[in-house]
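Report on the structure given below.
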Amino acid sequence: MNIIDKAVEYISPGAALKRHNDRYKLDIVRSFKNSGYDEGGASRRKNSLKGWNADSRTPQEDIDLNLPLLRKRSRSLIMTAPIAKSAIRRNVINVVGSGLRPKPSIEFERLNLTSEAADEWKKKTELEFSLWAESKYCDTTKVHDFYDLQQIALISALSNGDACGLLEYDKPTSFLPYGLRIHMVESDRICSPNSNGTSVNMNIKAENGNRIYNGVEIDNKGAVVAYHICTTYPSTRLQVEKKWYRVKAFGEKTGSPNVLMIFETERADQYRGVPYLAPVIESLKQLTRYSEAELMAAVINGFFTVFIKTDSNKGDMPFGGIEDDGGNVSVSAGDYKLGPGTINVLGENESIEIADSRRPSQNFDAFVTSMAKFIGAALDIPEEVLSLRFNSSYSAARAGLLEAWKAFRMKRTWLVKDFCQPVYEIWLTEAVASGRIKAPGFFLDPAIKKAWCGCEWNGPSPGMIDPVKEINAAEKRIELCVSTGEREAMELTGTDFDRNVAQLIKEKKKMQQIQVKGSGDNNAE
């Protein structure tokens with residue numbers, strides 16, 4: 001015991017005992033503190049981590065409260081930063097391209113159909129779907145067809161964090177016998193009532209007792225039951241009336257979705273998505289500022305500027321510029337020119353200085369390339385694909401494409417699951433109900449309905465760096481039965497195997513007819 005402890009014990013033995021116990025507990029805590037992650041990422045003693053006061057709360061606090069600002073900055077980067085624009089375009093071009101086309105793949109054996117009957121059903125269904133999907137009347141605004149809406153859905157989900165499609169119905173017409181309509185709504189309009197677009201109203205209680213988080217109404221189990229949508233943008237400055245209407249997430253009788261929310265989930269209990277560029281917003285902005293500064297420096301450096309240093313006090317400009325070819329060089333005092341072979345005699349106490357910014361920096365390309373690598377890694381896009389610069393070896397370029405396509409395929413699967421397939425199933429339900437497509441047992445058993453609704457979605461292919469090597473590898477895979485002609489046709493060229501075969505048979509017959517005709521003409525001669 002030190003002198004202070006003795007004094008406390010003399011004055012108040014109870015306080016001295018408490019002081020001793022507190023010190024004993026502190027010693028125990030200290031003895032257990034330096035273990036596990038306490039010496040790593042959870043250390044509070046290392047100088048490099050002392051000032052790092054990280055905090056994390058609910059997904060609504062960490063994500064939803066920051067969404068308005070994240071969306072604005074993400075859109076700004078897409079409009080002003082070349083790398084940000086490239087990241088979005090690479091996804092749209094490779095994930096969707098000109099559109100993901102459906103190829104029905106029903107379980108014909110389970111449905112007691114022959115292979116031939118199943119093929120006929122598929123052809124008819126594809127024709128009927130194209131009648132609806134390729135018409136702009138499938139869009140509520142009558143501006144886009146279904147394949148354009150796929151691009152809008154993906155771009156909105158990447159730039160805003162999520163995309164919303166409302167499934168609505170209109171009266172069928174003579175030129176479009178289907179009433180299904182899709183209304184794409186931008187993320188900003190899905191918000192809690194009385195939002196202003198710059199801040200998020202969290203944890204609002206609805207009239208039925210449910211909670212509303214950033215426009216998403218959930219019940220006491222955490223299940224989504226409805227969405228609240230503003231009739232216009234909450235942050236608009238236009239003099240329009242703002243109203244919010246409630247849309248149920250699913251139909252009460254059919255269980256089919258009324259609202260398609262398209263986003264990638266990062267955390268449990270998350271109801272809104274995060275913009276694709278969110279992790280690299282700061283890096284992209286700083287890189288854009290650096291690039292703009294270097295570009296401006298290069299422009300300024302393009303102006304060859306000469307300064308005449310003199311001690312005299314002259315009122316005019318002694319330097320006249322560059323001498324034209326064939327022009328006469330002035331020899332008058334105080335008149336200076338630039339030109340091939342031009343000689344200027346400087347006056348007393350005069351000298352020349354040339355402005356040289358020494359820009360752009362010699363390390364500009366290396367620095368931008370390095371930053372693009374880090375940004376691309378965070379966005380699952382290799383630097384070669386992000387900057388469209390394939391100047392390395394074949395193996396390196398192919399490895400970069402393969403890695404990029406892992407992410408592209410994952411996003412395509414996510415888009416199909418959240419948008420394309422639900423739309424197809426709801427359309428097929430209407431087609432069967434109207435009698436335009438026959439599907440026995442469709443409304444009697446959910447399992448039979450699922451068998452009828454099977455569908456694969458084909459889109460852009462990865463392409464080929466060396467077509468000869470790619471084709472030889474595909475041929476080997478088919479011979480070893482590790483792949484099929486249908487899969488290889490889809491992967492290599494993005495085409496349909498059955499259509500390819502039918503077209504080849506047709507072309508072969510024509511070639512045979514030409515050969516027979518040519519042989520007959522020769523015999524006649």
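The values are calculated or read from the model by the stated rules, or taken from the named source; none is laboratory data. Being a predicted model, the structure only gives us computed values, none of them experimental. No Cβ is skipped: glycine too gets one built from the backbone with ideal geometry, and neighbour counts run over all protein chains shown.
General remarks:
- Matching residues, region 233-266, being touching a helix residue (DSSP H, G or I) at 6+ places or on another chain (Cβ under 7 Å), among the β-branched types (Val, Ile, Thr) and surrounded by fewer than 14 Cβ atoms within 10 Å (Cβ to Cβ): none
- Residue pairs meeting the criteria (Cβ under 9 Å; at least 6 apart or on separate chains; first more than 15 Å from LEU415 (Cβ to Cβ), in region 158-170; second among the hydroxyl-bearing types (Ser, Thr, Tyr)): LEU166/THR140; LEU166/TYR227; LEU167/SER256; GLU168/THR140; ASP170/TYR137; ASP170/THR140
- Looking across region 269-297, the residues that are within 24 Å of SER156 (Cβ to Cβ) and either acidic (Asp, Glu) or exposed (fewer than 12 other Cβ atoms within 10 Å of the Cβ) (or both) come down to ASP269, GLU282.
- Test: residue in region 213-224 that is assigned by TED's automatic domain parsing to the domain that holds MET79, crowded, with 16+ Cβ neighbours inside 10 Å and in a loop (DSSP other than H, G, I, E, B): yes
- Within region 134-180, if we keep just the residues that are acidic (Asp, Glu) and part of a loop (DSSP other than H, G, I, E, B), the residue that is nearest to ALA407 (Cα to Cα) turns out to be ASP162.
- Within region 466-494, considering residues that are assigned to a loop (DSSP other than H, G, I, E, B) and in contact (Cβ under 8 Å) with a residue 24 or more places away in the chain, the one surrounded by the most Cβ atoms within 10 Å (Cβ to Cβ): GLY494
- Meets criteria (farther than 30 Å from LEU379 by Cβ, of a type outside the set (Ser, Thr, Tyr) and surrounded by 15 or more Cβ atoms within 10 Å (Cβ to Cβ)) for GLU168: no
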